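Read the figures in this text as sums done on the coordinates, not as results from a lab. The structure displayed is predicted, hence computed values, not measured ones. A quick note on method: Cβ atoms are made from the backbone with ideal geometry, for glycine too, and the neighbour counts reach across all protein chains shown.
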Amino acid sequence: MNPVFRPLRELSDAVRERRVSPVALAETFLERLERLGPRYNAVVTLTRDRALTEARRAEGEIATGRWRGPLHGIPYGAKDLLATGGGIPTTWGAAPLRAQTFDRDATVIRRLEEAGAVLVAKLSMVELAGGMGYRQPNASLTGPGISPWGGAWSGGSSSGSGSAVGAGLVPFAIGSETWGSILSPAANCGVTGLRPTYGRVSRHGAMALCWTLDKLGPLALTADDCGLVLDAIAGPDRHDPTAAARPYHYDAGEVVGRRFRFGMIRDVAEPAEPPVREAFERSLDVLRKIATVEEVTLADLPYEAITRTILLSEAASAFEDMIESGTIAQLTAPEDRYQAYARDAILAKDYIKALRLRGVVVREADRVLSRFDALVAPSRSATPPPLDRDFSALQRPQRDPMGAIGNLAGLPAVAVPNGFTADGRPMSLQFMGRAWDENTVLAAARAWQGITDWHLRRPPVD
Amino acid sequence: MISLHRPLRSRGAGGPHRSPQHPPWGIAAVYDAASMSEPTEAPSEADLLFAYVRRRYAERLTAEELEALRRSVDEVMRLSAALRAVKLGNAEEPFQRFEAFRDDA
């Protein structure tokens, strides 16, 4: 059995039935990461020793009948903002932090180890998760993230998590999203990405970019894969007071024949590039086979200004030491070396105003979403850009009301492939649901993937 | 190595540790730094805030970077204006609850 580009259930069945050895699996993906990872600038650190130790342990446990669950013996990669002990560096994608180490694992890494998963690599990311305001793909100590589809930008900031899954270098990966950092690489790399509800997954041991917006979640080949991973990493954590006590169990129940109710914000695709808009319109036609789709209007609020003010303010505080000391001058993207200084101009009253407006937005978003299973929209309004693109030179303004609302209100969303441009770059559709309703958005995404085959397309990697 | 159970400090950050200049805060000082061509004309909020930013960081920056920074300050002003344009009632609190704390609770 070739384990590359297999959904997790297939891999897991093969491991549990001892048709595939966890050690062989780890070696296969380590070899691919080593050989193909540099092509996509996807890898910061291969964790070979740790991977083989974990894989041997999994192999021994399964041989003696102790099966931990569907991730047991399955390799994965982690965005390099998740702390790992054992001397493995955690660089946050930033050149001045290339030697940074921590004394123990982040909670998510520990939970995956408890589930029997095998950490094979720390994956590339935009420096400081984009918190300094980068405006180009080349904004990481590992160079620009590259999509396996056509060599365009991988998206960010979970760049390596997207490209490594998309190129079959790992079966799944963990990324983080503050505003767009899971959905964007999922879209640009042609994979599925899940942004969980804020508070669903502990952030302990993850780099803080913006305490009230940061979320951790999986990128994988399918929505079902994402549900399996979320099941393993969700839950309360005494080290993270925002990690909610609400229990989460992935519901992989049958979706064939289920009718969904989807909403669509009026003109949500209007700012998108024509290929994205056309793919979205085609997707709506397909979705109407399994759902009603109703246009909705949101209250007129400055959603993007609210989210951006919170993000810029909290990031300025989170990285105060690096900004004040001038250490940011060592970052890769020239604009990341000084743009954060402008945040001294954000007044406290404006940050507080943004937090007050957040209350208005969360109620408005829930009012609208309470009538639907999910809101649908393009995951990104732009197609994957070339590596030399200055984002500020984009022809159309990069408006993202769904991202602004979803992240501001901490709502779950899943991004799924929904087509390709004429020159073969992937595009993506998102389902965004009510808080704590990951199972519904995952069910919608599974239903989509049950009647389309975009997620089954593979880039010409080998 | 950094402990996850202590406040994180980046030991890997080996860059220049220059102490930033902290000018005495005062409208007059900022007004002067704003380099207004018409000294009788009141400076805009953007002028004042950019003057503050420039006073703190100009020695680290090139003329081009300062120019870009000015545009970023203008963007901050646009964000602030959008927020201030929405009126909220006195009882509309930040959506971020404070809880009193007891370690033995």
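Once Rh for the stretch A:81-209 is found with the Kirkwood sum over Cα pairs, what is the Stokes-Einstein diffusion coefficient at 10 °C and 1.306 mPa s, in µm²/s?
Details: Rh = 14.6 Å.
For these conditions, the coefficient is 109 µm²/s.
Which part of the stretch A:415-435 falls in the paramagnetic zone of A:R39, meaning amide N under 18 Å from the point 7 Å along Cα-to-beta-carbon? In the stretch A:415-435, the label zone of A:R39 (backbone N under 18 Å from the point 7 Å along Cα→Cβ) covers A:424-426. According to the square roots a ≥ b ≥ c of the eigenvalues of the Cα gyration tensor, what is the shape class of chain A, taking rounded for a/c under 1.5, prolate for a/b larger than b/c otherwise, and oblate for the remainder? Rounded is the answer for chain A, as its axis ratio a/c remains below 1.5.
Charges at C-beta only: +1 for Lys and Arg, -1 for Asp and Glu. How large is the resulting dipole of the protein assembly as shown about its Cα centre, in Debye rounded to 20?
Details: 69 positive and 70 negative charges, 202 e Å.
Here the size comes out at about 980 debye.
Provide a whole-number value for the mean count of partner chain Cβ atoms within 10 Å of the Cβ atoms in peptide A:183-196. Intermediate results must be reported in sequence, preceding the final value.
Working: counts 0, 0, 0, 0, 0, 0, 0, 0, 0, 0, 0, 0, 0, 0.
Average per residue, whole number: 0.
Placing R0 at 35 angstrom, the Cβ-Cβ distance between A:R238 and B:L88 gives a FRET efficiency of 0.50 after rounding to 0.05. Oblate is the label for the stretch A:304-415, because the ratio a/c of its alpha-carbon gyration tensor axes (a ≥ b ≥ c) is 1.5 or higher and a/b is not greater than b/c.
With a simple spin-label model that places each label point 7 Å from the Cα along the Cα-to-Cβ direction, the separation between A:A95 and B:D74 comes to 2.9 nm. The rule of thumb for compact globular proteins, 2.2 N^0.38 Å, goes into the C-alpha radius of gyration of the stretch A:207-349 1.43 times.
Mean partner shielding of peptide A:89-98, defined as the number of other chain Cβ atoms within 10 Å of each residue Cβ, is 2.
Between A:E61 and B:S44, the simple label model (points 7 Å from Cα in the Cβ direction) yields a spacing of 6.1 nm.
Applied to the stretch A:11-18, the Karplus parametrisation 6.51 cos²θ - 1.76 cosθ + 1.60 on θ = phi - 60° returns per-residue 3J(HN,Hα) values of 4, 5, 4, 5, 5, 5, 7, 6 Hz, with x for Gly and Pro. Legend: ranking of residues A:F431, B:F101, A:F280 from fewest to most surrounding C-beta atoms inside 10 Å; resulting order B:F101, A:F280, A:F431. Report the Cα centroid-to-centroid distance between the stretch A:125-190 and the stretch B:69-98 in angstrom, as an integer. The two parts, judged by their Cα centres, are 30 Å apart.
Across peptide A:40-46, the mean count of Cβ atoms from other chains lying within 10 Å of each residue's own Cβ comes to 0.
Taking amide H as placed 1.01 Å from N in the peptide plane, A:V43 has its amide H under 5 Å from the amide H of A:S124, each at least 5 places away in sequence or on another chain.
Simple rule: put +1 on each Lys or Arg Cβ and -1 on each Asp or Glu Cβ in chain A, find the dipole, and look at A:Y134, A:T452, A:A220; the Cα lying farthest toward the positive end is A:T452. Note on A:K353: lysines with a C-alpha under 27 Å away, same-chain residues under 8 apart excluded, are A:K215, B:K87. Taking amide hydrogens as placed 1.01 Å from N in the peptide plane, the amide H of A:S157 sits under 5 Å from those of A:S181, each at least 5 positions away in sequence or on another chain. Given R0 = 22 Å, the distance between the Cβ atoms of A:E270 and A:F391 translates into a calculated FRET efficiency of 0.65.
Note on the stretch A:221-268 and the stretch A:439-462: Cα centroid distance 16 Å, given to the nearest whole angstrom. Relative contact order of chain A, taken over Cα pairs closer than 8 Å and 6 or more residues apart, is 17 percent. Here A:R288 and B:Q96 are evaluated by their C-beta separation; at R0 = 60 Å the FRET efficiency comes out at 0.90. Remark: spin-label model distance A:L347-A:A299 equals 2.3 nm, labels positioned 7 Å along the Cα→Cβ axis.
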